[in-house]
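Report on the following structure.
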Amino acid sequence: MKPRSATIHDVARVAGVSTASVSRVVSGDRPVQDETAARVRAAIEQLGYKANLVARSLKTRATNTIGIVAPILASDFFMLLAESMDRELTANGYSLIVCSSTESEVEEAKRLTLLSDRLVDGIVMIPTSDHCPHVGAIQARGIPVVFIDRLALDVDADAVLVDNEGGAREATEALIADGFRRIGFLGADPDVLTARERYAGYRAAMEGAGLAVEDRFTSFGKLDHIESGYRAMESMLAQPGAPEAWFIVNADNQIGATNYLMTAGRAHRGRVVFASFDEMPYSPLLQFCRYSVSQPIAEMGGLAARILLDRINRGGAGKAEIARLKTTLIRH
């Protein structure tokens, strides 16, 4: 038979105090005399007592947990973001629950409901698209939401973004300065703010230099899929007269395009160069990439965590804040 777990009443009996005193020591909500606190802690140690955090959270409406929702978890960009958020949140006494929306608005709504039902104190999320009507119901329950990397246009919430348009423009201008007059574009779903802004930056650079944006060498695939980059590069280079230079929307698509050139597309390897968003630790190893746009990922995650904690501490009050961080162009 499984031994009975110690209860708060057992701790109070061994320590010779009231259950209210035990509760105050465990929660740290109100001061307790040092002598009393010492007896309670000794009793907790002796009995192996574990506080019922679920019951306490129902009483206080605080669980010291933060939910994180991303379209896909198998992404270096997301993992670096999550790591930086975890450092900041752990230092402030919070733990994380991480969920994937699997790039589905329906699943995104389910994950948000799940986190809300688990009484998380706040949520950081990368929205699946520009439209997240289900977020409003979460905010109505008193749970603040902070967007990161992308913005939902129909939700009034804090957000941490980067200068996607400026970064893409600078990278494309660097290729133009190197003498390339025709530059193709491997992008992603324009319903996603990040992808749309990067396309706008690419177009601005081309039009500013008086260069044509060639529709047949413009591709819109999946943002966080290596396979999308592979298929897009394969399709573009199969056409006659394909450009030598390409701007690529992010690291996953760049890996896919590089994989194609290293395998099935070897005939094109000597002439193709890339400029790509996302400088990653492995970027110098991707031999076709001449320029990459570095996002301040650690700063993004840390800032999102701090904004969320501030929002929690203020009880959700105050105007929504949207922070835009600068990018840096790296030449390889």
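All of the numbers you see were taken from the coordinates with simple rules; none came from a lab. Because the structure is predicted, anything quoted here is derived from the model rather than measured. Cβ: placed from backbone, ideal geometry, glycine included. Neighbour counts: every protein chain shown.
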Within the chain, the percent of DSSP beta bridges that are antiparallel, given to the nearest 5, stands at 10
Length-normalised contact order of region 164-294, Cα under 8 Å, at least 6 apart, in percent, tallies to 26
If the chain between A200 and L47 were fully stretched, how many nm would it gain, using 0.36 nm times the residue separation less the Cα-Cα distance? 48.7 nm
Please give, to one decimal in nm, the separation of the simple spin-label points placed at E107 and T90, each 7 Å out from Cα toward the Cβ. 2.7
L329 versus H131, label points 7 Å from Cα toward the beta carbon: distance in nm? 3.6
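Does region 208-272 classify as rounded, prolate or oblate by the C-alpha gyration tensor (a ≥ b ≥ c root eigenvalues; a/c under 1.5 gives rounded; else a/b over b/c gives prolate, otherwise oblate)?
Details: a/c = 1.81, a/b = 1.21, b/c = 1.50.
In terms of gyration-tensor shape, oblate.
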Can you tell me the FRET efficiency between I97 and M262 if r is taken as the Cβ-Cβ distance and R0 is 30 Å, rounded to the nearest 0.05? 0.20
Using 0.36 nm times the number of residues separating V213 and A140, minus their current alpha carbon distance, what extension gain do you get? 21.8 nm
List residues of region 175-195, by number, whose backbone nitrogen lies under 15 Å from a label position 7 Å along Cα→C-beta of E244. 175-184
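Considering Cα pairs under 8 angstrom that are at least six residues apart, work out the relative contact order of the chain and quote it in whole percent. Before the final figure, lay out the partial values.
Numbers: 615 pairs, mean separation 53.5, N = 332.
Across the chain, relative contact order equals 16 percent.
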In nm, to one decimal, how far is the modelled label at R306 from the one at R118, with both set 7 Å along Cα→Cβ? 2.7
